[in-house]
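**Student:** Supplied in structure tokens, the structure appears directly below.
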Amino acid sequence: MATISYVALLDGGQRERKVEVTRLAPGVFQVRLGDTTHEVDAYRHDHGTLSMLVDGTSHSATLDERGDVVHVRLKASVFPVEILDEKRLRLRRAAGKFTVEGKQTITAPMPGKVAKVLVALGDPVQEGQGLLVIEAMKMENELRSPKAGKVVELHVKEGQTVEGNAKLCAVE
Amino acid sequence: MAARKISKVLVANRGEIAVRIIRTCREMGIATVAVYSDADRGSFHVRNADQAVHVGASPSRESYLDMERILDACRSSGADAVHPGYGFLSEKAEFARALDRAGIAFIGPRPESMDAMGVKTTARKNMAAAGVPTVPGSPAPIADEAEARAFADRIGYPVMIKAAAGGGGKGMKRCDAAADFSRLWQSARREAAGAFGDDRIYLEKFLEKPRHVEIQVFADERGNCIWVGERECSVQRRQQKVIEESPSCVLDERMRQAMGEVAVRAARAVDYRGAGTVEFLVDAHRNFYFLEMNTRLQVEHPVTEMVTGLDLVRMQIEVARGEPILAQEQVVRRGHAVEARVYAEDPGRNFMPSPGKITYLRVPAGPGVRDDSGVYSGWVVPQFYDPLLSKLVAWAPDRDQALARLLRALDEYTVHGITTNLPYLAAVLRHPAFRSGEYDTGFCSRYAEELLARPDPAMEDVALIAAALSAFKRDTEEAEAFAARAGEVGASRSHWARLGRARALRGGLR
């Protein structure tokens, strides 16, 4: 019987839980979570909808894949989970952790227009100080500096349209 | 009163409201014309209409807000009436006048009423003259920042900085301290210029713990004017409504009656016609003040429709035809309705809009549920417009049942690919302050932390099982597919080998 061990990363990667899946028969699995073992009858519907009978209780989960993270929804609860097998986990650990040390690049959180540039290249900035204002969907959103430092890069001008994730400026 | 024929309506709007208007027109046997910008060619309202006209580039200023282009679309499509929806040109008196000159009916109030109510400062003056109580504030728009700041100092913080041409929370900022004034003032001006093409700003005193309660009014051309019940809209984030319900928990029958009568007086004072909404602030002592009158159909009009059983869009069209409305005593309100606005936004990131492709959409159904949506599975929500995807409304005989029903429907609502406020909406409906009915416009900011819906820890194991099974399926399928392909390659290679061997064997046999 095929068994695969996974590690699930929760809370933005701050928490890990082990999940082990064994296929017992087509559509029937044994899933071990820590010390508990569940028997699960899984039936896949369209578009990421998964019907599961977990020890006889019916659950309808929807899985929305966003790159590496899958948003698992059960009723009003949404769990963003990154699910890794051993190989992926090693790669992931090698990539290191998130910090605000060093140069921080500020990127556009969504496509929109640069309504205002509040700083100039070389300006000293405080943590939380406004750097730029992006207008999207008729609302203005101020982007603030993640750390105290100096504006070392500025890639945009007022009035310019930007794509989502476009580099706007950097603070070091 | 000469009846006016309306046989083809151009809907000068987009998204859910365009779809909603088209639906009623279809029921009435009236042909419809949609308009669309570059970004909206694939929009839901375009394929719902009988005709569609391209009106320009994606930014609204170059399409939906461009009066000349909309007028051209009316002429080229042969529409005899225009429904403006809400936002865009709906409260531009100039637009109503231009249509009038072109001999096309405007499904809305007379331009004079819009003038009287459109500039908020003029409206306040008119209402005070009609004996309607108003919130203290600047009597006229203020052009100069220093002058505005001095006025704010005089009436005392917090103050509301508001676009004179405003509505829908655009160009509206709450300022709590003098230190923030400059930044908020300038931001409000830019937003107002962008959203309404008019950057005039005025100030109003911010009332403590105010509730936002509005009265739906309706008037025809024969001198009838009625009120059709209230909507409680105090659940607001960034000055935009999120949840609306009717009836309001703060009104008793006497107060409802009093507000209804004041609303009718306000509408009559400006010789109103069609559907309008008189917005009031109700303070902690249950005093009510006129806030503004929206001279158009409101986003949240379905709440009133559910409670009264009326179709407000149909009534608007009937009034535009010169027909009479029903009498005040024919308006029957029953049960309770609640609406939740489903937005493409991330409540965890200060309600940042999240445009993008909807990879999958499944909407709720079942008893007492209505979904007024403007999107579909596969649609890319554009960055250019308001992030409202849909309005989900539940009706039930009483408030508890209506809330339970809306929660149930929210659980069924599935949107993949973009971030939505669905979990946030459920958190609002579950919150004890909301459930008790004791909430005001400060609700969303006061409970901001609690409302950032955390998933139910009891469901975590099930979620992990789902994620792991999905990964297992993917990994084993990948392995099987690889094995199958490898097998095929092996087989085809052996084909040649077999052929060679067979030839050799045949040769050998010969």
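Throughout, read-outs are computed from the coordinates displayed, never taken from laboratory work. Just so it is clear, the structure is predicted and the values come from calculations on it, not from any experiment. Cβ: placed from backbone, ideal geometry, glycine included. Neighbour counts: every protein chain shown.
**Student:** Using the structure shown, select from A:Lys116/A:Lys167; A:Lys113/B:Lys162; A:Lys75/A:Lys113; B:Lys120/B:Lys173; A:Lys75/B:Lys473 the pairs with a Cα to Cα distance greater than 26 angstrom.
**Tutor:** A:Lys75/A:Lys113
**Student:** Near B:Lys205, which aspartates and glutamates are there with a Cα under 20 Å away, not counting those fewer than 8 places off in the same chain?
**Tutor:** Hits, sequence-local ones excluded: B:Asp144, B:Glu145, B:Glu147, B:Asp153, B:Asp176, B:Asp180, B:Glu214, B:Glu279, B:Asp283, B:Glu292, B:Asp440.
**Student:** On to the next question. Mind putting together the pair-distance distribution for the range B:51-188? All Cα pairs, 10 Å bins, whole percent per bin, short to long.
**Tutor:** 11, 32, 28, 20, 9, 1
**Student:** To continue, here is another question. If each Cα of the protein assembly as shown is one equal point scatterer, what is log10 of I(q)/I(0) from the Debye formula at q = 0.08, 0.10 Å⁻¹?
**Tutor:** -0.69, -1.02
**Student:** Additional query: How large, in Å, is the range B:256-407 by the Kirkwood hydrodynamic radius built from its alpha-carbon pairs?
**Tutor:** 18.1
**Student:** Then there is this: Rounded to whole Å, give me the distance from the Cα center of the range A:30-103 to that of the range B:230-304.
**Tutor:** 45
**Student:** For the range B:21-70 and the range A:142-156, write down the distance between their C-alpha centroids in whole Å.
**Tutor:** Each part reduced to its Cα centre gives a spacing of 41 Å.
**Student:** Under 20 Å from a point 7 Å along the Cα-to-Cβ line of A:Thr22: which residues of the range A:54-86 have their amide N that close?
**Tutor:** A:54-56, A:85-86
**Student:** What number, in percent, do you get for the relative contact order of the range B:323-403 if the mean sequence gap of Cα pairs under 8 Å and at least 6 apart is divided by its residue count?
**Tutor:** The value is 40 percent.
**Student:** Moving to a separate point now. For the range B:207-291, run through the trypsin sites (Lys or Arg not before Pro) and keep only the ones in DSSP coil with at most 14 other Cβ atoms within 10 Å of their Cβ.
**Tutor:** Here the sparse-neighbourhood loop sites are B:Arg222, B:Arg286.
**Student:** Just from the alpha-carbon atoms, what are the Rg and Dmax of the range A:1-76 in angstroms?
**Tutor:** Looking at the range A:1-76, its Cα Rg and Dmax stand at 13.0, 35 Å.
**Student:** Per the helix-only calculation at 222 nm, which mean residue ellipticity applies to chain A, given -39500 (n - 2.57) for every DSSP H run of n ≥ 4 and division by its residues, nearest 500 deg cm²/dmol?
**Tutor:** Computed mean residue ellipticity for chain A: -1500 deg cm²/dmol.
**Student:** A further question follows. What whole number of Å gives the distance from the Cα centroid of the range B:112-155 to the Cα centroid of the range B:393-465?
**Tutor:** Taking the Cα centre of each part, the range B:393-465 and the range B:112-155 sit 37 Å apart.
**Student:** Let me check against my output: what whole-number percent is the relative contact order of chain A, with C-alpha pairs under 8 Å and at least 6 apart?
**Tutor:** For chain A, the relative contact order is 16 percent.
**Student:** A further question follows. Relative contact order (percent) for chain B, with alpha-carbon contacts under 8 angstrom and 6 or more residues of separation?
**Tutor:** 13
**Student:** Also, quick follow-up: Can you compute the modelled spin-label distance between B:His285 and B:Asp38, with each label point 7 Å from Cα toward Cβ, in nm?
**Tutor:** Calculated label separation equals 5.6 nm.
**Student:** Also, quick follow-up: Restricting things to alpha carbons, tell me how big the range B:1-127 is in terms of Rg and Dmax, in Å.
**Tutor:** 14.5, 44
**Student:** Could you pull out the longest piece of chain A with no exposed loop trypsin sites (Lys or Arg not before Pro) in it, calling a site exposed if DSSP puts it outside H, G, I, E, B and it has at most 10 other Cβ atoms within 10 Å?
**Tutor:** A:1-96
**Student:** Scaled to the compact-protein estimate 2.2 N^0.38 Å, what is the alpha-carbon radius of gyration of chain B, rounded to two decimal places?
**Tutor:** Relative to the 2.2 N^0.38 Å estimate, chain B comes out at 1.17.
**Student:** Additional query: Can you give me the convex hull volume of the Cα atoms of the range B:188-259, divided per residue and expressed in Å³?
**Tutor:** Normalising the Cα hull of the range B:188-259 by residue number yields 161 Å³.
**Student:** Quick one: among A:Ala61, A:Ala76, A:Ala42, which has the greatest mean-square fluctuation in a GNM of chain A with alpha-carbon springs under 10 angstrom?
**Tutor:** Its mean-square fluctuation being the largest, the pick is A:Ala76.
**Student:** Still on this model: Name the longest site-free stretch of chain B, where the excluded sites are GluC sites (Glu not before Pro) in a DSSP loop with no more than 16 other beta-carbon atoms within 10 Å.
**Tutor:** B:209-437
**Student:** Which helices, counted as full DSSP H runs in chain B, have an axial Cα extent of no less than 18 Å and a Kyte-Doolittle average of 0.0 or above?
**Tutor:** Both cut-offs are met by B:15-27.
**Student:** A further question follows. Which whole-number percent of Cα pairs in the range B:146-206 have a distance greater than 19 Å?
**Tutor:** Of all Cα-Cα pairs in the range B:146-206, 20 percent lie more than 19 Å apart.
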